[in-house]
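One structure is given below, encoded as structure tokens.
Taken together, the values in this text are just the output of simple stated rules run on the coordinates, not laboratory data. Please read these numbers as outputs of a predicted model, since none were measured by experiment. Here the Cβ positions follow ideal geometry from the backbone for every residue, glycine too, while neighbour counts run over all protein chains shown.
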Amino acid sequence: MAVAVKSVCDLLAKKQRGEKITMLTAHDAAFATLVDRAGVDLVLVGDSLGMVALGYDSTVPVTMAEMIHHARAVRRGVKNALLIGDMPFLSYQVDEKAAIANAGRFLKEAGCAAVKVEGGARIAATVAAVVRAGIPVMGHIGLTPQTAGQLGGFKVQGRDDGSAERLLHDAQALAEAGAFALVLECVPALLAQRISAAVAIPTIGIGAGPYCDGQVLVTHDLLGLFDRFVPRFAKQYAALAEQAGAALASFRDEVERGVFPAAEHSFGPLIEGKTRPADK
């Protein structure tokens, strides 16, 4: 296992050494503990929780209160990885003062080490202001789910020369603004390679091919827990939704048939006068 990441400076060092960076999402203490024990570098409290945990149709309805609530829970489970809070829609786009205040809440109230924001050159000034306030910022370009409607829906970005050049410009603008890393989502692999070579900060891909400096997935996608839809770029390493469904149905069936709870799940004798050794 590579050297553990403890700070944003460690991420830059990993890129310089050519070591891949790993990031996964978590939305509660239980999953945070599992993800952290797996040894990933970064844990993201993603606004994807709006869909996989809260049942929203998109990430747009997620509020700061919801993000802080979940980030605090994740903090209790993360002991080693660098924890990043995802700033929800309209928590940083209105003005720089609000952006700094909301970003600061992730550090002060939830114990995050950094925040993530979506957008390119148009939010570079805001990113610079938040960084000047002492808050590390991770950028996110390409497909940005909070504003997917403006991008024509959930589809690959940067396919033509013009949009590819804009994404390259976005990456450079965010790096110059002080972002410590960039998420590249749904970007052609060769464009992601070009961006990764053009900026000194690490790039972390999701649906952006193998040439990024690291990779991130939504943990529910990785584990096969979110079955409303499966993104093409998500590899399912398990099918836990199916397994969990079978287990839950077995519980219902055993209770209905009187099989559960059995003697080993009960205290005291089930038949008067007969006591098991464990109950003495």
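Can you tell me the 0 to 90 degree angle between the C-alpha axis of helix 8-17 and the longest principal axis of the chain, rounded to 10?
80
Among the lysines in segment 8-238, how many pairs, 8 or more places apart or on different chains, have alpha carbons under 29 Å apart?
Summing the qualifying lysine pairs gives 22.
Compute the helix-to-body angle for 96-108: its Cα long axis versus the longest principal axis of the chain, expressed 0 to 90° and rounded to tens.
The angle comes out near 40 degrees.
Which value results when the Cα radius of gyration for the chain is divided by 2.2 N^0.38 Å? Let's see the in-between values first.
Working: Rg = 22.1 Å, N = 280, 2.2 N^0.38 = 18.7 Å.
For the chain, the normalised Cα radius of gyration comes out at 1.18.
Could you grab the Rg to Rh ratio for segment 159-274? Cα atoms only, Kirkwood for Rh.
Details: Rg = 25.0 Å, Rh = 18.1 Å.
For segment 159-274, the value is 1.38.
Once fully extended, how much extra length lies between ASP95 and ALA262, figured as 0.36 nm per residue of separation less the alpha-carbon to alpha-carbon distance? Provide the component values of the computation, followed by the final result.
Values: separation 167, 0.36 × 167 = 60.12 nm, distance 6.09 nm.
Difference between extended and current length: 54.0 nm.
Which order do the peptides 170-177, 96-103 take when ranked by the mean count of other beta-carbon atoms within 10 Å per residue, highest first?
Numbers: 170-177: 21.1, 96-103: 18.8.
The packing order, highest mean first, is 170-177, 96-103.
Report the Stokes-Einstein translational diffusion coefficient (µm² s⁻¹, integer) for segment 1-156, Rh taken as the Kirkwood radius over Cα pairs, at 10 °C with viscosity 1.306 mPa s.
Working: Rh = 15.9 Å.
Calculated translational D: 100 µm²/s.
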